[in-house]
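Any read-out appearing in this document is the output of simple, stated calculations on the displayed coordinates, not a laboratory observation. As the structure is a computational prediction, the values presented were derived from the model and not from experiment. Reconstructed Cβ throughout: ideal geometry from the backbone, glycine too, with neighbour counts over all protein chains shown.
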Amino acid sequence: MADVFHWWQRGIIYQIYPRSFMDSNGDGIGDLAGISQRLAYLEDLGVDAIWISPIFPSPMVDFGYDVSDYIGIDPIFGTLDDFNALVAAAHRHGLKVLLDFVPNHSSDQHPWFIESRSSRDNPKRDWYVWRDPAPDGGPPTNWVSEFGGPAWTLDETTGQYYYHAYLKQQPDVNWRNPEVRAAMYDAMRFWLDRGVDGFRIDALRQLVKDEQFRHNPPNPDYDPALHGPNRAVMPVYTTDLPELMQIIAEMRAIADDYPDRVLIGELYLPIERLIAYYGAEGCGLHLPFNFHLILTPWQAQAIADLIERYEAALPEGGWPNWVLGNHDQHRLATRIGPAQARVAAMLLLTLRGTPTLYYGDEIGMSDVEIPPDQVYDPFEKNVPGMGLGRDPERTPMQWDASANAGFTEGSPWLPIAPDYGQTNVARELDDPDSMLTLYGRLIELRRAEDALSVGEYAGLPAEGDLLAYVRSYGERRLLIVLNLGSQTQTLDLAGVGSGRLRLSTHLDRDGEAADAQLSVRPDEGLILELVAT
């Protein structure tokens, strides 16, 4: 009997930042109808699911991550009818739809918080995290906001502080309150009932805070010249607490009431802690997001070590996943350069586990310089001059060479990249050597070869700038060799096998035979179909 895999194990997830994907009404901001217009492109690209960053009603202080209604659609993105139409259309195109769920904090404009801050005896007071001032009148603890500055804000009306892991306009809800849990779980069911195929859960490690409200210890590695103020203390008592596992088990039970749904958790954690979020069998996340490829130096040995450590740490039944870019990290092509971004594409799409692509990476989009008077990101405004702003990686998708890159007929909310005349979907579709063509061929090969989508992984010894591994399924064996350097490298195939090249990132060596030695040019990745030795 053939192995049975879930869609999210075989599939590829594509992240859409909705403000920047496609604008259908000329207001300069992307929307749901715009996404619907581009579903055929995503189907042709070959991805399996779209994950849409928050689209709920919001004051947009943090661009949707400050939610004022968990069961609605913000008017800038459209209506609930538009969302229903998008889900139906996506399913017709063979695409799953994942929503970004933001349960750690709401907007300060959410009716829950408006009630909670109205008085100390309001029934919703305990829906958020309130504390009396410290003896000196200051914040109750030394906890620090992820966006810089204290994580406590004094409410003058009631004389208590409320906690916010992010902006003061994003108060943390109190997940120790059963009523809060019930309300959040009802919101999850609301969207699952409308056909959503799962959730990416934002800021998951921060849901539970220390019940004793102890101070976080100072970070001995903190350097204010290098780090934002959010790194001044170690978040021992504000993140990754044991009680969180029960909440995840409850979320998983809700998802399991619906057929083949998936839960993905945003978790910036060391590998040994990350894998704990798979939980006991049937009780944890399907995919605790693995961001370590973003955070690891772009060096062959460092990446080889990372893959081995991750594979070795995975619990039985735990399915791996990999990410190379998202809305909080500088663009892949900016971090490692356009040439190595092609090698990175092959790495992401040939490793064992579910890959997540960030919109625009498939055409080689880079960070865009944002003039000071056009900065939107609150992180950059709070901690200016340290390069922490996230606007550069959130700029509009580059569809063609027309005005505003085909993204909008109005004035785009963020600047369009100056290279959009060359780096755009329309031009790259017709270019056999383009980044988009490479992504298309990699995805096509991954879908055709079980060895790449669900096969086993085995690392190979390699020297210098080479990273090499074999993916296998049954009798099929594919060798992947990646040159992360700028000099030609050679891999000895003794003991590995001979074969023929299926794909080069340079798109020019199809069918070439390889026997004892495999030469890999600078900035090149190769996939070799092996024959038995």
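Convert 4 °C to kelvin, take the viscosity as 1.567 mPa s, use the Kirkwood radius over C-alpha pairs of segment 456-530 as Rh, and evaluate the Stokes-Einstein diffusion coefficient in µm²/s, rounded to a whole number. Walk me through the numbers on the way to the answer.
On the way: Rh = 12.2 Å.
In µm²/s, the coefficient rounds to 106.
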(request) Report the convex hull volume per residue for segment 287-336, counting only C-alpha atoms, in Å³. (result) 70
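What number, rounded to the nearest 500 deg cm²/dmol, is the helix-based mean residue ellipticity at 222 nm of the chain, given -39500 (n - 2.57) per DSSP H run of at least four residues and division by all its residues? Walk me through the numbers on the way to the answer.
Details: 16 runs with 132 residues, N = 533.
Mean residue ellipticity, 222 nm, calculated: -6500 deg cm²/dmol.
Kirkwood hydrodynamic radius (Cα pairs, Å) of segment 111-163?
On the way: mean 1/r = 0.0872 Å⁻¹.
Kirkwood hydrodynamic radius for segment 111-163: 11.5 Å.
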(message) Give me, ordered by chain and number, the residues 5 or more places off Gln160 or on other chains with an amide H under 5 Å from its own placed amide H.
(response) Asp155
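Please report the projected area of segment 215-348's Cα convex hull averaged over all directions, in nm². It would help to have the intermediate numbers written out before the result.
Details: hull surface 41.2 nm².
Reported value for the Cα convex hull: 10.3 nm².
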(message) Could you derive backbone 3J(HN,Hα) for segment 415-423 from the dihedral phi with the Karplus parameters 6.51, -1.76 and 1.60 (θ = phi - 60°), listing whole Hz in sequence and x where the residue is Gly or Pro?
(response) x, 7, 4, x, 8, 5, x, 9, 9
(message) How would segment 76-154 be classified by its alpha-carbon gyration tensor: rounded, prolate or oblate, with rounded meaning a/c under 1.5 and the a/b versus b/c comparison settling the rest?
(response) prolate
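What does the C-alpha gyration tensor say about the overall shape of segment 1-148? Classify as rounded when a/c is under 1.5, otherwise prolate if a/b is larger than b/c, or oblate. Present the calculation step by step, with values, prior to reporting the outcome.
On the way: a/c = 2.63, a/b = 1.91, b/c = 1.38.
Here segment 1-148 falls in the prolate category.
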(request) For the chain, build the charge dipole from Cβ charges (+1 Lys, Arg; -1 Asp, Glu) around the Cα centre, then report which of Val144, Ile336, Gln9 sits farthest towards its positive end. (result) Gln9
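Relative contact order for segment 180-302: what percent, with Cα pairs under 8 Å and sequence separation of 6 or more?
On the way: 141 pairs, mean separation 32.4, N = 123.
Taking the mean separation of contacting Cα pairs over the length of segment 180-302, I get 26 percent.
Return a single number: how many Lys pairs in the chain, at a sequence separation of 8 or more or on separate chains, have alpha-carbon atoms below 29 angstrom apart. Provide the component values of the computation, followed by the final result.
Numbers: Lys124/Lys168; Lys124/Lys209; Lys168/Lys209; Lys168/Lys381; Lys209/Lys381.
The result is 5.
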(request) Work out, in µm²/s and without decimals, the Stokes-Einstein translational diffusion coefficient of segment 350-421 at 25 °C, 0.890 mPa s, Rh from Kirkwood over C-alpha pairs. (result) 179
(request) Calculate the radius of gyration of the Cα atoms of the chain to one decimal place, then report Dmax, the largest Cα-Cα distance, as a whole number, both in Å. (result) 23.7, 78
